[in-house]
Each structure stands twice: as structure tokens, then as C-alpha cells.
1. Near the amide H of residue 93, under 5 Å away, which other amide H atoms are found, from residues 5 or more places off or on another chain, if H is placed in the peptide plane?
2. Enumerate the calculated ³J(HN,Hα) couplings along segment 15-20 in order (Karplus 6.51 cos²θ - 1.76 cosθ + 1.60, θ = phi - 60°), each rounded to whole Hz, writing x wherever the residue is Gly or Pro.
3. Let me make sure I get this right: for segment 1-86, a, b and c are the square roots of the gyration tensor eigenvalues over alpha carbons, sorted descending. Under 1.5 in a/c it's rounded, otherwise prolate if a/b > b/c, else oblate. Which is it?
4. Show the residues, 5+ positions off or on another chain, whose built amide H is closer than 5 Å to the amide H of residue 21.
5. Once the Cβ-Cβ distance between residue 18 and residue 89 is put in as r, and R0 is 30 Å, what FRET efficiency do you end up with, to the nearest 0.05?
6. Please list, by residue number, every one of the trypsin sites (Lys or Arg not before Pro) in segment 5-48 that is coil in DSSP and has at most 11 other beta-carbon atoms within 10 Å.
7. According to a simple spin-label model (label point 7 Å from Cα along Cα-to-Cβ), what is the distance in nm between residue 96 and residue 9?
8. Over segment 15-101, with every protein chain in place, what whole percent of the accessible area is carbon and sulfur at 1.4 Å, could you tell me?
Amino acid sequence: MDFTFDTHTILLESLLRQGFSFCTLHSYVSAVPAADEKTIVLRHDVEEKYEHALRFARIQHTLGILGSYYFRILPKPQNEGIIREIASLGHETGYHYDDLSECRGDYPRPLPR
């Protein structure tokens, strides 16, 4: 699959022309659209490339589209600023929980102490 910024833009524009609407996960759960509505819940799991997530978020913002961005917390100084900027564009942000897989299934290990 082609995950380039240009292809992402073309795909979103095509979906908008076909009458699809986009929403965050929270807005979908809070007000489930009617069955005949063409709705896309746009969710992004951000693993490492925070800068790419920001570019996608800017593209979506330009098109009037909101999405949900879930971040795996990686200790890099610029990451907090990127998350804040994505949120300032109106996108939903949250924690991409993968602590259990990082701990190889050791259930007690990822729990707060």
C-alpha cells in the first residue's frame, strides 16, 4: 500500500467528493451517526515517526478533516511539541498503549508501581 503524503491527500479528497464524512473516535462513540451516513473514523497509531504524523495532521486539517492520533510514548525532546501541535489543529490525541507487548506478556511488569 502507498502511504505517501500525496496519495493520502488524493485518497481523502476522493472520499470527500463521494460524500464521506470523517470523525474522531470519541465523536463517533459519543454520537453514533445514522446507519445511512457514510462515516470514516480516521485513526492513526503513531509508533516512531511523529514528524510524519504531523504532516498527515496538517493535510487533514487543510481539508477540514479531523482524526484521532494515538502516540506510543518515545522519549524524544520534539515529540511533546508535535503532539501539542496536532491537538491544536483540532485532532484527538491519546496514548497508544502497547506496554504489555513491550514487556513480552509479563502482566505485572507494565503496571504502575
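1. 69
2. Values, residue by residue: 5, 4, 4, 7, x, 6 Hz.
3. Details: a/c = 2.45, a/b = 1.51, b/c = 1.63.
It comes out oblate by the Cα gyration axes.
4. Distant-sequence amide H within range of residue 21: 38, 39, 40.
5. Numbers: r = 24 Å, r/R0 = 0.79.
The value I calculate is 0.80.
6. Listed in order of number, the matching sites are 38.
7. 2.3
8. On the way: 2960 of 5260 Å².
Result for segment 15-101: 56 percent of the exposed heavy-atom area is carbon or sulfur.
The values are calculated or read from the model by the stated rules, or taken from the named source; none is laboratory data. Quantities reported herein were computed from a predicted structural model and do not represent experimental measurements. All Cβ positions, even for glycine, are placed from backbone atoms using ideal geometry, and neighbour counts span all protein chains on display. Surface areas here come from the heavy atoms of the whole protein model, side chains and all, with no ligands, DNA or RNA. Shrake-Rupley method; radii C 1.70, N 1.55, O 1.52, S 1.80 Å.
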